[in-house]
Amino acid sequence: MKRVKPGERVRVSCKVNGKAQSGFTESRTLLADFLRHELHLYGTHVGCEHSVCGACTVVLDGRLARSCSMLAVQVEGAEITTVEGLAADERLDSLRDAFSRHGALQCGFCTPGILASVSHFLSASQNPSEEAVRDMLSGHICRCTGYEGMIRAVMEFASGRREGASE
Amino acid sequence: MKPAPFEYCRPETLDEAVGLLAEFGDEALVMAGGLSLGALLNMRMVRPEAVIDINSLSVLDAIEMVGDEVRTGALARQADALASPICGVALPLLIAGLGHVGHYQTRSRGTLCGSVAHADPSAETALCLATLGGDVELTSTRGVRRMPVGEFILGALATAREGDEMVTALYWPGAIPGMRVAFEEISERHGDFAIVAAAAWAAPLESGWRYGFGLGGVEDKPLALRGDIVPVVESTEQAVGEVFDAIALNLSPMSDQRASADYRRHLAEHLGKQVLQSVFEGVAT
Amino acid sequence: MGDSAEDWVGGAVPRLEDAALLSGNARFIDDLSPLPGIRHVALLRSPYPHARIREIDTRAALELPGVIGILTGSDIAELTDPLVSAVRAPVAYYPIAVDKVRYAGEPVALVAAEDRYIAEDATELIACDFEPLPAVVDPLAALSKEAPILHEAADGNLIHEREFTYGDPATAFSRAAEVIKLGWRYPRQSSTPMETYGAIAHYETAPDRYSVWSNFQGPFILQPLMARALRILGNQLRLISAPYSGGSFGIKQGLYPYLVLLAAASRLLGCPLKWTEDRLEHLSGSSSASDRADAIEAAFDDEGQLIGLRYDNCVNVGAYVRAPEPASVYRMHAASNGCYKVRDIGVWNRLVTTNKTPIGLNRGYGGPQFYFGLERAMDTAARRMEIDPAELRRRNFISGDTFPYEAPAGAIYDSGDYAKGLDLLLEIAGYEDLKICRDQARASGRAFGIGFGAGVEPSGSNMAYVTLAQTPEERAKAGGRSGGTAVANVTIDPTGAVTVRLDSTPAGQGHETVAAQVVADTLGMRPEQIRVVSALDTEGGNWSLASGNYANRFASIVVGAIAESAGRIASKLRAVAGDMLEVAMEDVELADGRARIVGVPDSGIAIGRVAAATHWHPAGLPDGMSPGLHETALLNPDVLNAPDGADRVASAVTFGFLCDLAAVEIERETGRVLIHRYASVHDVGRVLNPIIVEGQIRGGFAHGFGAAMFEELSYDDDGNFLSGTFADYLCPTSADLPALDFAHSRTDSPANPLGSKGMGDGSSMLTPVVMANAVADALGRDDVELPLTLNKVWQMANEGSET
């Protein structure tokens, strides 16, 4: 059993974006702060620190996690994918391209979390309805775009992927 | 907005987990999905001495049939339930209710037990459990006990859990033949906690119906009623009225920033009768 | 690709900003560590809306390991002077409470520590002895004699009052056939960008100066104000923008008092300090749009002509007047006639202090509150006079052949054809069909309503409009104020690479892309070949008092400065190339990356080579030509004059137009407002980039719709703040927004060489009132207020109406 006393600093090792990473943390250090300020993966953003806005969303052991409401000590041995890892995935190039062409981002602060959600959602849903996409995106707050461009981009990417698969 | 200091404990076995609870008692909080707890920690609205992270207790993630009941362990996530063939067949009401719980992202890690243990008056999972007449399993070093969810939830964010206990499972009565379910809610935005939620199920008896009916968000805990009804005339309207009145006559709705007691009372009737109508109408007698 | 086959401007050029944002490589303020030894700040904030500070005991907190230092208001007040505004009332505004707290969330103490966790721990160990005082949060209540007074040095809570008369409203009202009178409360809202405030401040002793990195968005007229508060000259205060900013919508203007606080604290504590606002701080303590207790009277003749208007604006500024306030009530002032011909107008403005957070820029700035009155009055008049609301507006529109049009309070509307825009709206919305739907729905007892709204969208502000807060005599005494200067710089370096420097501090609006489009067209290059630097550093000198990201300034003024500086570079390139090619400059064109002889595609020299010659071989340049390629344009639109003696002012450079229609049905049982149709027509002049323009319209609509339906910063009567989290302050999600149909009705602006108008605010200004009008029409009642929450709509739908 692992126990970390208040104020004690311990090393946490995990795999982030396919690479072994480790850094120091206290029991109370938030995962978002660990990713950003210890591992220097600043692509993950913090928007509310109370599990609502979705900006800090990452993929953790196959599930979506709000990294603001998880502790760094929880991810010992875990596999994490952040926006930097998604950027290295060429299969998502056309998703990013669609985001750009459809105006799915403006300030881009919420975008890393949204990309994490979209990639997770599309790995399970081959043929999503627009309603399902809208529902999935409702777990993120974006104040710039009005969301329409995101919905169009995700729908276009999903349909392009189906066509690609059937060829 | 960072948590106050605490000791972090990650037990590898259930014995270790309940041992920690025996050690810390009320001063420890159990973290499963962490979505509510994480926010409360960050806002320093809770300041536990220890956080007991149960995510390594993989034994608790099961969703399984136990006799006529479905048992969902403390790490069964909301998304797991939605994807589970067992829940799909045996717990159609839960499936209907879960569609209103949070968002795709929060359901990914959020657990069924965590939601019930948190005891928010508007939470859909506890409402479904209450409407079905399910139980909560509590474990401590003193042993395991089961209690009906109606006895477990005492009020807003208050439960009958002792300081050294943890919620280890929920027991859900499985669907009965011919059962129909309905779930409706009104919330300000998609995915918000309900202002009022209503759940109902019904199954035909030789004469009349067996039913369950529940309301969430109206009072400080879910209200539920189950029973058999044999209307004098076989009229859906009469059954709807009779069942609804059985709860509504003593209704004492909450009033807060979001909704007045009058509005809640009205929604309780509107949504309550809507779900009852829907389940009674569909069940042939 | 663009408007003509050769143009980049007008084309759907994907944004140059996106690659970094989509890959996690864009750097925001909280990502930066520009110096070694940075310490982290947490602020202790007042739990009381109003209280005297008896004593602050920091001893226990200072003993916590990791704490570097703690400062309170008295420390800061010794080193700084209060922040000033155009309001002359004796209201001293420091960035941290001194002696008294006046709103829940006001900073009381600053803790610097090794990290933010420890800093927050220390705030809990500070013992503050407060003497709670009665609080007041309602602006009308604050005017009563019994109300607690916030600033004892002032007479009361009314800290500014002015009355204005244009034309002869008294006569207009005396001959009116119908007078509409409405009064209402407008709620407090906030644009809540997803990135909160952030800053890093560093004081150096040799030389004596401050450097501050932040996501401050301007207006940079606040830079000399900050310097004055710090008792230094402007060149001792260097402001540096983070490379990217996570949204602003105006609110990051309200960051500047914190910059003063952090700068002073860095000096007092002797180390660089970093502060990142958290979401709870942002909601409770940053800035908000003003809540108001307003009233309007609108006089109509029997033909439905709007002949007179009277505005009674009672603005709750919160606890302090923070510059550029009181601009929010003066932004729309010069355009008090909206898009209508009416010329007899009275305006009564009162500013009131209460125990709420100070107000400031938020999307639409003053527009949502202004249009709520005017456009509610128009729809109410239409129903009362039984004239179709679209027709009523058409009768009153400024006619398309009278532009440029001088509005009664001094605004100069650059161009427009409002009737054409309205026709297009009715067509895309299917108005005739919607009316049939409404009739059918009503026949079966359902509550179906159609709401309209129309208005102008002022863009590119005159920095002087806020001086309307002073009388003409006071203005004369203070010295002249006018203008809205934009600064743009274009260079081509010795390798032939182009760099553009902007002064518009964007926060996601794609200014870099549009600037690249403009420069690419001018220089015959491709947008991706142009590097655009939008992060502003005041030490670079490339800024003016008007610089910053507000009032749709970019497409109205800044693009002109970009075109001007790029045009000068182009002229020089053509002159040098002409010399090299031995042809006249007039015979040289820039296209496809080459300086070539007009009409001879294969001729000429690569632009890079021409540019290189200006650097490497100045002696070879034509006689009298300066070396290098550096051009800075400072452009001040001529129209932006000082206010005249009759309080008329050309408040902005371009005036876009928009008109909207909402068709809704209300479920009486639940209070749900179901949107059948929402349509919007915009005149933004020439569309510079359709991806960006559509994004601004949709984003503005989302803000407007959220404000209409969900969003409110709530306080209880005792001044306690109730909207502290994103679970209480409800921003619309993807599942809450209805479909938006929009179209453009274009009239090019003569105010800049590109023909574009500023845009981005319009929908956030108009959507709230359009939704209110639709609900009012559905329920047949006049007393509709925002936000249209379920409980409120249900109550209105089921109780007696007050019309």
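The values are calculated or read from the model by the stated rules, or taken from the named source; none is laboratory data. It should be emphasised that the depicted structure is a prediction, and the values quoted were computed from it without experimental measurement. Because the Cβ atoms are built from the backbone with ideal geometry, glycine has one as well, and the counts that use them run over all protein chains shown.
The table for this structure:
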{"item": "Segment C:786-803, residues that are touching a Lys or Arg at 6+ places or on another chain (Cβ under 6 Å) and either farther than 15 Å from C:PHE448 by Cα or among the basic types (Lys, Arg) (or both)", "result": "C:SER801, C:THR803"}
{"item": "Tally of residues being of a type in the set (Asp, Glu) and in contact with a helix residue (DSSP H, G or I) (Cβ under 7 Å, 6 or more places away or on another chain) across segment C:629-653", "result": "2"}
{"item": "Meets criteria (of a type in the set (D, E, K, R) and in contact (Cβ under 8 Å) with a residue 40 or more places away in the chain) for C:ARG501", "result": "yes"}
{"item": "Breaking point among (1) facing chain C (nearest Cβ under 9 Å); (2) in a loop (DSSP other than H, G, I, E, B); (3) in contact (Cβ under 8 Å) with a residue 12 or more places away in the chain, for A:SER69", "result": "(1)"}
{"item": "Members of segment C:194-203 found to be part of a strand (DSSP E or B) and of a type in the set (A, V, I, L, M, F, W, C), listed by number", "result": "C:ALA199, C:ILE200, C:ALA201"}
{"item": "Criterion violated by C:ASP81 - all others in (1) touching a strand residue (DSSP E or B) at 6+ places or on another chain (Cβ under 8 Å); (2) charged (D, E, K, R); (3) closer than 30 Å to C:SER328 by Cα satisfied", "result": "(1)"}
{"item": "Selection within segment A:44-59 - more than 8 Å from every other protein chain (Cβ to nearest Cβ) and either closer than 15 Å to A:GLY18 by Cβ or among the β-branched types (Val, Ile, Thr) (or both)", "result": "A:VAL58, A:VAL59"}
{"item": "Any hit, segment B:111-132, residues being more than 11 Å from the chain's Cα centre (by Cα), more than 30 Å from A:LEU137 (Cα to Cα) and at pLDDT 95 or above", "result": "no"}
{"item": "Number of the exception - C:GLY247 against (1) assigned to a strand (DSSP E or B); (2) in contact with a Cys (Cβ under 7 Å, 6 or more places away or on another chain)", "result": "(1)"}
{"item": "Test for A:ARG162: is it part of a helix (DSSP H, G or I), of a type in the set (D, E, K, R), more than 16 Å from the chain's Cα centre (by Cα) and more than 14 Å from chain B (Cβ to nearest Cβ)", "result": "yes"}
{"item": "Selection from segment A:24-60 of residues that are at positive phi and not polar (S, T, N, Q)", "result": "A:HIS40, A:GLU49, A:GLY54"}
{"item": "Matching residues in segment C:734-762 - criterion: being within 14 Å of C:LEU658 (Cα to Cα), among the hydroxyl-bearing types (Ser, Thr, Tyr) and in contact with a Leu (Cβ under 7 Å, 6 or more places away or on another chain)", "result": "C:SER745"}
{"item": "Odd one out for A:SER138, checked against (1) at pLDDT 95 or above; (2) farther than 19 Å from C:LEU740 by Cα; (3) within 14 Å of chain B (Cβ to nearest Cβ); (4) within 18 Å of the chain's Cα centre (by Cα)", "result": "(2)"}
{"item": "Complete set of residues in segment C:458-492 that are under 19 Å from C:GLY364 (Cα atoms) and assigned to a strand (DSSP E or B)", "result": "C:PRO458, C:SER459, C:GLY460, C:SER461"}
{"item": "Residue match in segment B:244-257 (condition: surrounded by 20 or more Cβ atoms within 10 Å (Cβ to Cβ) and of a type in the set (D, E, K, R))", "result": "no"}
{"item": "Some residue of segment C:43-62 being crowded, with 19+ Cβ neighbours inside 10 Å, under 20 Å from C:LEU150 (Cα atoms), in contact with a Phe, Trp or Tyr (Cβ under 8 Å, 6 or more places away or on another chain) and without any contact (Cβ under 8 Å) to a residue 40 or more places away in the chain", "result": "no"}
{"item": "Filter result for C:ALA454 (part of a helix (DSSP H, G or I), of a type in the set (A, V, I, L, M), in contact with a Gly (Cβ under 8 Å, 6 or more places away or on another chain) and within 24 Å of C:PRO404 (Cβ to Cβ))", "result": "no"}
{"item": "Yes/no for A:SER27 being over 17 Å from the mean Cα position of the chain (by Cα) and more than 9 Å from every other protein chain (Cβ to nearest Cβ)", "result": "no"}
{"item": "Residues located in segment B:255-281, provided they are within 12 Å of chain C (Cβ to nearest Cβ) and at pLDDT below 95", "result": "B:ASP256, B:GLN257, B:ARG258"}
{"item": "In segment C:17-34, residue nearest to the chain's Cα centre (by Cα) [restricted to those that are facing chain A (nearest Cβ under 7 Å) and small (Gly, Ala, Ser)]", "result": "C:ALA26"}
{"item": "In segment C:194-211, the residues that are over 30 Å from A:ILE114 (Cβ atoms) and buried (at least 24 other Cβ atoms within 10 Å of the Cβ)", "result": "C:ALA201"}
{"item": "Qualifying residue in segment C:377-388 (condition: among the hydroxyl-bearing types (Ser, Thr, Tyr) and either outside any helix (DSSP H, G or I) or surrounded by fewer than 16 Cβ atoms within 10 Å (Cβ to Cβ) (or both))", "result": "no"}
{"item": "Single residue of segment C:686-705 satisfying the filter (over 17 Å from the mean Cα position of the chain (by Cα) and not hydrophobic (A, V, I, L, M, F, W, C)) that is nearest to the other protein chains (Cβ to nearest Cβ)", "result": "C:GLU694"}
{"item": "Top-ranked residue in segment A:75-112 [being basic (Lys, Arg) and facing chain C (nearest Cβ under 10 Å); ranked as surrounded by the fewest Cβ atoms within 10 Å (Cβ to Cβ)]", "result": "A:ARG101"}
{"item": "Qualifying residue in segment C:328-336 (condition: of a type in the set (A, V, I, L, M, F, W, C), farther than 28 Å from C:ILE149 by Cα and without any contact (Cβ under 8 Å) to a residue 40 or more places away in the chain)", "result": "no"}
{"item": "Residue under evaluation C:VAL111, criteria (1) closer than 22 Å to C:ASP99 by Cβ; (2) among the β-branched types (Val, Ile, Thr); (3) surrounded by fewer than 18 Cβ atoms within 10 Å (Cβ to Cβ), criterion not met", "result": "(3)"}
{"item": "Segment C:232-258 residues that are more than 14 Å from chain A (Cβ to nearest Cβ) and in contact (Cβ under 8 Å) with a residue 12 or more places away in the chain, paired with ones that are of a type in the set (Lys, Arg) and surrounded by 19 or more Cβ atoms within 10 Å (Cβ to Cβ) (beta carbon under 7 Å, 6 or more apart)", "result": "C:GLY254/C:ARG322; C:PRO257/C:ARG322"}
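The rows are residues; the columns are (1) touching a Gly at 6+ places or on another chain (Cβ under 6 Å); (2) crowded, with 20+ Cβ neighbours inside 10 Å; (3) over 30 Å from C:ARG102 (Cα atoms).
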site	(1), (2), (3)
C:GLY704	no, yes, no
C:MET709	no, yes, no
C:SER714	no, no, no
C:GLY719	no, yes, no
C:ALA727	no, no, no
C:PRO732	yes, yes, yes
C:ASP736	no, yes, yes
C:ASP748	yes, no, yes
C:LEU754	no, yes, yes
